[in-house]
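Structure record follows, encoded as structure tokens.
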Amino acid sequence: MSDIIQLLPDSVANQIAAGEVIQRPASVIKELVENAVDAGARHINVLVVDAGRTSIQVIDDGKGMSETDARLSFERHATSKIRQAEDLFELHTMGFRGEALASIAAVAQVELRTRMAEDDIGTLINITGSRVVNQEPTACPVGSNFTVSNLFFNVPARRKFLKSNSTELNNIIAAFERIVLVYPDIAFTLHSNGTELFNLRAGNMHQRICDVCGKRLSQDLLPIDVSTSMCKITGFVGKPEAAKKKTAQQYFFVNGRYMKHAYFHKAVMTAYERLVPQGLQPPYFIYFDVSPNDIDVNIHPVKTEIKFENEQSIWQILTAAVRDAIGKFCDIPSIDFDTSGQPEIPIVNPGQPVQQPKPRIDPTYNPFSRKTPPEEWETLYKGLETESSLPSEPELFPTEEVNLIAEKSPVHYQYKGRYIMTAVKSGLMIIDQHRADMRIRYERYMQLSETKKWTTQRLLFPEMLQLDASTDLRFTQMRDELQQIGFEFSDLGAATYSILGVPAGIDAPQPSALVREIIDEASLGDGRLTTTLSQQFSLTLARQMAIPYGQVLGNEEMEDLVNQLFSCSNVNYTPDGKAVLCILPQTEIEHLLG
């Protein structure tokens, strides 16, 4: 029997490694930008064409590479970051595996131009599918210039499963943001198809966060700064009112490296208990500085999963730090000038001995002794009428007999400002007033969208809408359809817009907040719309404009709401699938009271 086990060629091994390291164009940008940071670059420029499918270019002004290093850098497991296994626990760089460039070169066409400061001439290398096509001297500035073209050209199956350009560009922006938020002292730019998306100048951490996530976040950030013998935690957390349903900016970084950590996320959310409504997520930007010996980043090639040696202790420190930051913001001193009846708090003087308090006793007091009633005590009850004139308890239904043959009673009862209760022939019907109004408004708005009868109501004072890069990308895709349903925008540049008009017939107190919610709820993680934009807009608008819980309704208002609900196409569920009403059967009521 012949031997069947053999060594794979380097080109095949590199393609297998590329399956883990290079998953999409964003992975290429992550690896190349991290290498530029490790090279000491002060300016890093990223340019992509067709969301990285056609071309990815990363230019830096780092220390560059010699001719030998430039050629050797594309070999697998060739790295300048570590020399022995013990170095894995003393990492101070972003990369260390030596697999990134080899994996990129295995699935793309790569051109590298690089020069060191002490060299008069640089090096040009062209590699296609792990094979060196050309290497020659060239004139170029100090630093490195990587151009990656035709990604996955030799792996068509991988290229076929890439998402749409908008989705891949969103992933590129996400990977880019995770790096620039760690290095505020480095200037970054990002261009897509010749359009500038980011131009981040060097500055401090607070300024970088505002440049990336929008300046409106500036006033909602609370600083964190805690130093212990185990770790140092710095950064910012958002105020409770800055929490959002989706697309909340939440970042963890450890030793300058982005990480995902569900355990630490739970620690942050624990600090926000009872401060943020369920379903909302507060923003946070938290940076851990931990000894490299206490963490392990060598778990997965992506390096976003990191193990901590003292997770439970750091969990407690993190929770206490976030609570302290929130407490300083929420602790507003109050001045109370009414001190009558309040106990006197003694001032402790260490120089004087503490005396034991002595209780005061009245030996003549007898709680069973009879006291004479005050004179003319009858006047105390003057004005009170007989029992028949006292206000009676409100009745659920009128005293007269309810006609059970009718579909519903004309008299309704509102319970706790939330539910409308009315009698029907089969029992007692309970209606959620907010959800009922949501269903009514949704169908009304959908009818306007289908008949294209939306008109624009101009705002007396236009409202500003400032978006971050990723949100602006989604807004650009739906802007035309938003204008078709009545919105009117004016592009002011730099992801800033002026809202000039809104759909007529709505009374949105904050049009910018309404547009943000439409953008956030209209997209899934892969960038596709969950429904048509008109359906999403109608649902978002109906949810915001529906009768809120706690609003007291008169009988005529409840009657009108019930009649409109039963004229809808679906009276049982809201557009997002929540129950609107339920019926307590007459037989069950009799059983409960039997």
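The values are calculated or read from the model by the stated rules, or taken from the named source; none is laboratory data. Since we're looking at a predicted model, the values are computed, not measured. Note that each Cβ is placed from the backbone with ideal geometry, even for glycine, and that neighbours are counted across all protein chains shown.
So here's what we get for this one:
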item	result
Pairs where the first residue, in region 536-561, is touching a residue at least 40 places away in the same chain (Cβ under 8 Å) and the second is part of a loop (DSSP other than H, G, I, E, B) and among the charged types (D, E, K, R), C-beta under 9 Å, 6+ apart	L539/D576; R543/D576; M545/D507; Y549/K416; Y549/R418; G550/K416; G550/R418
Only listed residue being part of a loop (DSSP other than H, G, I, E, B), surrounded by fewer than 20 Cβ atoms within 10 Å (Cβ to Cβ) and at pLDDT 80 or above, chosen from G486, G417	G417
Total residues in region 562-582, condition among the polar types (S, T, N, Q), free of Cβ contacts under 8 Å to residues at least 40 places away in the same chain and either under 14 Å from D432 (Cβ atoms) or in a helix (DSSP H, G or I) (or both)	2
Single condition P137 does not satisfy, out of (1) in a strand (DSSP E or B); (2) within 28 Å of D50 (Cα to Cα)	(2)
Any hit, region 174-197, residues being within 24 Å of G129 (Cα to Cα), modelled with pLDDT of 90 or more and touching a strand residue (DSSP E or B) at 6+ places or on another chain (Cβ under 9 Å)	no
Residue within region 178-193 that is over 30 Å from Y287 (Cα atoms) and either part of a helix (DSSP H, G or I) or not hydrophobic (A, V, I, L, M, F, W, C) (or both) present	yes
Matching option when the condition is in the same structural domain as K266 (by TED's automatic domain parsing), at pLDDT 75 or above and under 30 Å from T234 (Cα atoms), among I317, I299	I317
Residue count for region 219-246, restricted to those that are part of a helix (DSSP H, G or I) and loosely packed, with under 14 Cβ neighbours inside 10 Å	2
